[in-house]
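First up is the structure itself, then whatever we jot down about it.
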Protein chains: 4
Amino acid sequence: MGSRGSPGRRTEEKAGHMLVLLKRGTSELAASDIAARLRMSGLAVHRTDLDGQVRLGAVGDGVTLDWDAVRGWAGVESVAKIPVPFKLVSRTFRPHSTVISVGRCAIGSPQLALMAGPCSVEGEEQVFRIAEAVAKAGATVMRGGAYKPRTSPYSFQGLGEEGLKLLRRAADAHGLAVVSEVMDPAQVPLVARYADILQVGARNMQNFALLREVGHAEKPVLLKRGMAATIEEWLMSAEHVISHGNAQVILCERGIRTFETYTRNTLDLNAIPVVKELSHLPVIVDPSHGTGLRDKVAPMARAAIAAGADGLLIEVHHDPDHALSDGAQSLYPQQYADLVQQIRTIAAVLGREV
Amino acid sequence: MGSRGSPGRRTEEKAGHMLVLLKRGTSELAASDIAARLRMSGLAVHRTDLDGQVRLGAVGDGVTLDWDAVRGWAGVESVAKIPVPFKLVSRTFRPHSTVISVGRCAIGSPQLALMAGPCSVEGEEQVFRIAEAVAKAGATVMRGGAYKPRTSPYSFQGLGEEGLKLLRRAADAHGLAVVSEVMDPAQVPLVARYADILQVGARNMQNFALLREVGHAEKPVLLKRGMAATIEEWLMSAEHVISHGNAQVILCERGIRTFETYTRNTLDLNAIPVVKELSHLPVIVDPSHGTGLRDKVAPMARAAIAAGADGLLIEVHHDPDHALSDGAQSLYPQQYADLVQQIRTIAAVLGREV
Amino acid sequence: MGSRGSPGRRTEEKAGHMLVLLKRGTSELAASDIAARLRMSGLAVHRTDLDGQVRLGAVGDGVTLDWDAVRGWAGVESVAKIPVPFKLVSRTFRPHSTVISVGRCAIGSPQLALMAGPCSVEGEEQVFRIAEAVAKAGATVMRGGAYKPRTSPYSFQGLGEEGLKLLRRAADAHGLAVVSEVMDPAQVPLVARYADILQVGARNMQNFALLREVGHAEKPVLLKRGMAATIEEWLMSAEHVISHGNAQVILCERGIRTFETYTRNTLDLNAIPVVKELSHLPVIVDPSHGTGLRDKVAPMARAAIAAGADGLLIEVHHDPDHALSDGAQSLYPQQYADLVQQIRTIAAVLGREV
Amino acid sequence: MGSRGSPGRRTEEKAGHMLVLLKRGTSELAASDIAARLRMSGLAVHRTDLDGQVRLGAVGDGVTLDWDAVRGWAGVESVAKIPVPFKLVSRTFRPHSTVISVGRCAIGSPQLALMAGPCSVEGEEQVFRIAEAVAKAGATVMRGGAYKPRTSPYSFQGLGEEGLKLLRRAADAHGLAVVSEVMDPAQVPLVARYADILQVGARNMQNFALLREVGHAEKPVLLKRGMAATIEEWLMSAEHVISHGNAQVILCERGIRTFETYTRNTLDLNAIPVVKELSHLPVIVDPSHGTGLRDKVAPMARAAIAAGADGLLIEVHHDPDHALSDGAQSLYPQQYADLVQQIRTIAAVLGREV
């Protein structure tokens, strides 16, 4: 990745980003000792175990360390540079795909993660009706916004905590997990009280104060790609979250901004196989925001799964004409149920299941 | 700000673009007479028949005609404005999907059009080997460039007529039709002598001299979307071809240019359902140029079919490391055969077949 | 296709966004009363006085009010819809250009606002040396980052409050005002203690929690355009700030993201005359981030002034090769001084001065 | 430039692209002999003389030559690789700026090239009135389209040869040179009969058949940047023209396509200093197509000159409301005259003159 991108889009390679593999059979005590010695040099150390082997990612800028000496430490099998700007996110650091368990759903596993629900939580009847419909169709996670980022200060801004409570109750009633957006670092504890997954929206993908805060949370983070973010920048934002301690990051492609104005955004499905190659993190697709047009949602949802996505995030509303936001891109419950049926067959082609 | 939109991306509505429906049972003589009267007013008249009813598209700028009087002509059932800037291309003019027959292939029918072959024709052994492989895998049209548009004047420019002859022989030997690119209006008769489909490349999508020339040809035209072309401009270029008399246009999405540089282009699959809604023309996808990366071709090809594309144009080479152009994005024959198997299952979900 | 435009890029017109002009000579008491009556209907009311006439912007969604009745209120001269999605930001609401006074500088006046300084505050000697140099060259505001938004979590993140203190002291020693970036709503009071202008960076242009917080601050806000933000969205973000009560917003163009990769961003100078037409707010240009290349800064700075910008924000460093961030785009002090001389002559062509 | 750009936007470095400097004082005979020996190896050889020294650009793909042996040839001072994909266009090949003389105008010299006139030639009175006005204001080249590339086949396509005759007569009557667009390789001789400069439009920037044909013409070529063309691709298209023998190429920036839709295109003034660094060719700016909005033309024209452009191409019409094309972006004659006055002062800042 070093030779790609432009000066402004490139993240510089830095020293002090190394992958330290320990010998098989190294004792837990020895492993801890090696990690401690690296930390004492000023490096952050992240550990992942694979096939009985301990892998330590040692990252930190401006740290000078005699890596040849480290190679000689007892228990150390090899030391190698992590060759991409995103370290903890990369397949180099962690070759096996990450699976994140939320409720009945194992995101990143062969089972596809189907997340669905309204754009905004609007009231009790609405969320309960939609929860029932999407659960019946096969979804395992319910989406719904309680805090809404709106371009205009005069638009509906969401129901706030009241909305979160309704969403939680409706989801519980139908055995669903909950994903909801958090917009402000100060909101993280509140949203984490009700939601199972904390969503960071496209406009906040490089809101580093927010990334730090969700990086300290104990809930998985669904990180949407920014409208003008390169794949590399998107992975770097995931790296921010993981570097603060939270390794449970789900990436979500939701369309990029291009010159084409017929669709609201240009859903970039190319990003799916690219991310699957570069990173061990699961990646899902939001075709509702990606197209902004109801009758384009199903084709693009099918395409996302055919391209290898780990799941879908789709807006469903029982009465989209009266939705307080994004009605024009919401599926009717029956459309959603039909779509899930089609997805089932396509998933099988890739050895996956709904 | 209401009138803002994109001044440069919008094509003005013009008077004199009407759809004239004749009454069922109007005699052929009467229909010809109505068409002739419209032509005498300075309009170009295009006819299509649907369910026993004659539909006349009457197009022309600056023509003033008393359309209320036309409504009163014997045999005329209705007169309506075609509400989009592209007229003959629109579903308003022709509600049923166009099917274009080439060799064993009916492009736009439930049967998917599988076109495959090398980027450039390089020599006899090469084209015969690849023709055999793609025919065996299920392709019905062979691609191969004899005239190559190259960014650099110092790159391989193609074998010219010699290449066309080789391509024709190899295709014939394996029961395949031929698609090949034409770059210059003066080349059209020559390429049309050997190829079954005339390809207009992305860089020439708004080369209006070339569009006029292929508009006078009697072979179907495969029109690639320009790298910075909106869907509307792409359809307008198809309108150019059809307005010159050639109604056999196949659209081909091959990636647009965005800020993302990881992939060579951003394959815009959103365009598939959009084009299928706006136009009756078949639309296929070229994931080889769309991604520029071999291991991204199969995921995006599957996604294209899942999104509703009518076919695929894919680069296949038996020895891509030594290809004279685009080797890095060419599939190996076995990869192509495996892909066709996957496509088969996905096609069935949409009621289609390979 | 006529209504197409960009569904996602357009902000819907809403009722309840009106400009209420009072008759000349209306008493202060009567004016307050009218404002109060509008507020009681649920509208936010913003007042601006022009040529002895009170202008009330009454904004709020979902408010239904009998505007014909308002037209009949004593003291009301006229009531008109504000025809753009941004209301308080528009020239319709406030025809005269806003001038924001900071230190010796009147931003938006005929006097150009010259802001300069290092990307990051790195230490005492650095900021004092640079402050001296830019003050001598003619700058009136010093820039310098204490909290840095960095794509990589492993890059230098700024000196924090220590940096702000240094910046303040260096600026004071040379009679300069201070502009510095704020990244987190919780940081606003701290940064406002040291800086005269609060900068909201491009990545946070739609960080609505941050916009709300600076909207409550009593310091001017420098709002950078997001890398993928349309001009309309940029103005909408300014509207967020003003709708929370802070009318002192300075817009800053700093380059958008396009397919061109030679320059770090594409500085969009077209935005200057467009913003000057649509809005009363001052707009300045940052050619350092806009190009990312030192020797392109001076040409684009000259061009910005020639296009009508109200000022410049430029990175200057006495030792750019050892800068902790953005050295490659920082001018040497002498280059900056030479540039200011050129700017002086170009400014005169537009009736402005340095 | 080698490490920049993406896989798809990068033009591969090829062997056989060398700059051969001859020793000062080498006889003409010896120089010819060296050129001939290089040509016999299959290379194209382009010569330029600088400060009494002969410089030979030897270009050609796939040519293997023992360059160490060439270094030993009598008369050869040095042999160096031309390190950019564009060779003949680069400042490496030709360090001094190219000046192209057309009529009273020396394009690329300190004197700015002011080209102006209507979008389309519409009739005798129109072109004569406009010619008089722009000549009086200070223009030295008249623009006017006789063959028009139009997105819609139903729009006005230009007057053809009749238009060229009118344009020539009007220009001659006022001492102006003529620039006019050519769209088809077959049209080149006809347009060259009437015009002094052959314009290749943005949509044809990679129409390689057309580039070859104007590369064989004996008139200067004005090459507009394509809407989605990187600066490198633009220079490569100029390389196409020069490699066919015509070294008189004038580059013209006219706006690129981005997500911003307020302006018709995004005029990329960053390209001006970039091109001036990379290439010896003159570069002018077309702010009329670049913005698409009349009142944005003057600010962007001033900005272009401030950024270092060698001239301007501007649409002027005495009655823009009735223009057959592009009226909304045409200046009135008086606006143009006022603009030229402003340009005069800005030009002086850069040591240039009108």
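The values are calculated or read from the model by the stated rules, or taken from the named source; none is laboratory data. Here the structure is a predicted model, which means the values were calculated and not measured. Positions of Cβ are backbone-derived with ideal geometry, glycine not excepted, and every protein chain shown enters the neighbour counts.
Of the residues B:G72, B:G42, B:G60, B:G52, which is more than 14 Å from every other protein chain (Cβ to nearest Cβ), at pLDDT 75 or above and at positive phi?
Checking each option against the conditions leaves just B:G52.
Among the residues of segment C:295-354, those that are buried (at least 24 other Cβ atoms within 10 Å of the Cβ) and out of contact with any strand residue (DSSP E or B) (no Cβ under 9 Å at 6 or more places or on another chain) comprise C:K296, C:P299, C:R302, C:A306, C:I346.
With the structure loaded, tell me whether D:R143 is charged (D, E, K, R) and surrounded by fewer than 24 Cβ atoms within 10 Å (Cβ to Cβ) or whether it fails that test. Give the derivation first.
Details: charged (D, E, K, R): yes; surrounded by fewer than 24 Cβ atoms within 10 Å (Cβ to Cβ): no.
Taking the combined requirement at face value, the residue does not satisfy it.
Could you tell me how many of the residues in segment A:251-275 are not charged (D, E, K, R) and not in a loop (DSSP other than H, G, I, E, B)? Spell out the reasoning first.
Initial filter on segment A:251-275 (not charged (D, E, K, R)): A:251-252, A:255-256, A:258-259, A:261-263, A:265-267, A:269-275.
Narrowing further to those that are not in a loop (DSSP other than H, G, I, E, B): A:251-252, A:256, A:266, A:271-275.
Adding up the residues that qualify gives 9.
Here segment B:236-250 is the region considered, the condition is being touching a Pro at 6+ places or on another chain (Cβ under 9 Å) and more than 10 Å from chain D (Cβ to nearest Cβ), and the residue that is surrounded by the fewest Cβ atoms within 10 Å (Cβ to Cβ) is B:N246.
Run down D:A229, D:A209 and say which single residue is hydrophobic (A, V, I, L, M, F, W, C), assigned to a loop (DSSP other than H, G, I, E, B) and within 10 Å of chain B (Cβ to nearest Cβ). Give the steps one after another, and end with the answer.
Working: D:A209 fails: assigned to a loop (DSSP other than H, G, I, E, B).
Exactly one of D:A229, D:A209 is hydrophobic (A, V, I, L, M, F, W, C), assigned to a loop (DSSP other than H, G, I, E, B) and within 10 Å of chain B (Cβ to nearest Cβ), namely D:A229.
Out of the residues in segment B:283-293 that are in contact with a Leu (Cβ under 7 Å, 6 or more places away or on another chain) and in contact (Cβ under 8 Å) with a residue 40 or more places away in the chain, which is nearest to A:D295 (Cα to Cα)? Of everything passing the filter in segment B:283-293, B:I284 is nearest to A:D295 (Cα to Cα). If I filter segment B:44-61 down to residues being out of contact with any Gly (no Cβ under 7 Å at 6 or more places or on another chain) and part of a loop (DSSP other than H, G, I, E, B), which single residue comes out as farthest from B:L278 (Cα to Cα)? Checking each candidate, the answer is B:G52.
Looking for something aliphatic (A, V, I, L, M), on the phi < 0 side of the Ramachandran plot and out of contact with any strand residue (DSSP E or B) (no Cβ under 8 Å at 6 or more places or on another chain) - is there at least one such residue anywhere in segment A:149-164? Let's see the steps before the verdict.
Here is the first cut: in segment A:149-164, the ones aliphatic (A, V, I, L, M) are A:159, A:164.
Those still in the list that are on the phi < 0 side of the Ramachandran plot too: A:159, A:164.
Now narrow it down to the ones that are out of contact with any strand residue (DSSP E or B) (no Cβ under 8 Å at 6 or more places or on another chain): none.
No - not one qualifying residue is present in segment A:149-164.
Contact map, segment C:165-176: residues that are surrounded by 24 or more Cβ atoms within 10 Å (Cβ to Cβ) paired with residues that are β-branched (V, I, T) and not in a loop (DSSP other than H, G, I, E, B), Cβ distance under 8 Å, separation 6+ or inter-chain. Pairs shown: C:L167/C:V127; C:L167/C:V178; C:A170/C:V127; C:A170/C:I130; C:A171/C:V178; C:L176/C:V134; C:L176/C:V141.
Given the criterion under 22 Å from C:V285 (Cα atoms), aliphatic (A, V, I, L, M) and in contact with a Ser or Thr (Cβ under 9 Å, 6 or more places away or on another chain), identify the matching residue among C:A139, C:A146, C:A135. Full working, then the answer.
Numbers: C:A139 fails: in contact with a Ser or Thr (Cβ under 9 Å, 6 or more places away or on another chain); C:A135 fails: in contact with a Ser or Thr (Cβ under 9 Å, 6 or more places away or on another chain).
Exactly one residue qualifies, and that residue is C:A146.
Within segment B:233-250, is there a residue that is more than 23 Å from B:A58 (Cβ to Cβ), modelled with pLDDT of 95 or more, assigned to a helix (DSSP H, G or I) and under 12 Å from the mean Cα position of the chain (by Cα)? For segment B:233-250, residues more than 23 Å from B:A58 (Cβ to Cβ), modelled with pLDDT of 95 or more, assigned to a helix (DSSP H, G or I) and under 12 Å from the mean Cα position of the chain (by Cα): present. Of all residue pairs spaced 6 or more apart or on separate chains, those with beta-carbon atoms under 7 Å, a first member in segment C:108-135 that is in contact (Cβ under 8 Å) with a residue 60 or more places away in the chain and within 19 Å of C:H322 (Cα to Cα) and a second member that is basic (K, R) and not in a strand (DSSP E or B) are C:S120/C:K148. Only residues that are surrounded by fewer than 23 Cβ atoms within 10 Å (Cβ to Cβ) and within 12 Å of another protein chain (Cβ to nearest Cβ) were counted in segment B:186-203, giving 3. For segment B:284-294, the set of residues classified as of a type in the set (V, I, T), within 15 Å of the chain's Cα centre (by Cα) and either in a helix (DSSP H, G or I) or under 16 Å from A:L269 (Cβ atoms) (or both) consists of B:V285 only. Residues in segment A:204-219 that are more than 19 Å from C:A202 (Cβ to Cβ) and small (G, A, S) were compared, and the one that is surrounded by the most Cβ atoms within 10 Å (Cβ to Cβ) is A:G215. Taking the stated definitions as given, is B:P95 within 24 Å of the chain's Cα centre (by Cα) and either of a type in the set (F, W, Y) or modelled with pLDDT of 80 or more (or both)? Here the answer is yes, as B:P95 does meet what is asked. The requirement of being buried (at least 21 other Cβ atoms within 10 Å of the Cβ), at pLDDT 95 or above and out of contact with any Ser or Thr (no Cβ under 7 Å at 6 or more places or on another chain) is satisfied by D:A116.
Look at segment B:62-79 and say how many of its residues are among the hydroxyl-bearing types (S, T, Y) and not in a loop (DSSP other than H, G, I, E, B). Before the answer, list the steps.
Applying the first criterion (among the hydroxyl-bearing types (S, T, Y)) to segment B:62-79 yields B:64, B:78.
Okay, now just the ones that are also not in a loop (DSSP other than H, G, I, E, B), so B:78.
So the count comes out to 1.
Among the residues of this structure, C:V89 counts as one that is within 26 Å of C:V141 (Cβ to Cβ) and modelled with pLDDT of 90 or more.
Please work out which residue is farthest from the other protein chains (Cβ to nearest Cβ), limiting yourself to segment C:310-344 and to residues that are of a type in the set (S, T, N, Q) and under 25 Å from the mean Cα position of the chain (by Cα). Even if it seems obvious, please write down each step before you answer.
Initial filter on segment C:310-344 (of a type in the set (S, T, N, Q)): C:325, C:329-330, C:334-335, C:341-342.
Among the residues that remain, those that are also under 25 Å from the mean Cα position of the chain (by Cα) are: C:325, C:329-330, C:341-342.
Details: C:S325: 11, C:Q329: 9, C:S330: 14, C:Q341: 9, C:Q342: 5 Å.
Once the filter is applied, the top-ranked residue is C:S330.
Surrounded by fewer than 24 Cβ atoms within 10 Å (Cβ to Cβ) and more than 24 Å from D:L88 (Cα to Cα) - does that describe any residue in segment D:264-284? No, because not a single residue in segment D:264-284 is surrounded by fewer than 24 Cβ atoms within 10 Å (Cβ to Cβ) and more than 24 Å from D:L88 (Cα to Cα).
Residues that are hydrophobic (A, V, I, L, M, F, W, C) and more than 21 Å from B:V45 (Cα to Cα) within segment B:191-220 comprise B:V191, B:A192, B:A195, B:I197, B:L198, B:V200, B:A202, B:M205, B:A209, B:L210, listed in sequence order.
How many residues are farther than 24 Å from A:V99 by Cβ and either under 28 Å from the mean Cα position of the chain (by Cα) or without any contact (Cβ under 8 Å) to a residue 24 or more places away in the chain (or both) if we restrict to segment A:45-77? So that I can check it myself, show each step before the final result.
In the first step, residues of segment A:45-77 are kept if they are farther than 24 Å from A:V99 by Cβ; the result is A:58, A:60-77.
So of that shortlist, the ones also either under 28 Å from the mean Cα position of the chain (by Cα) or without any contact (Cβ under 8 Å) to a residue 24 or more places away in the chain (or both) come out as A:58, A:60-61, A:66, A:68-69, A:71-72.
Final tally of qualifying residues: 8.
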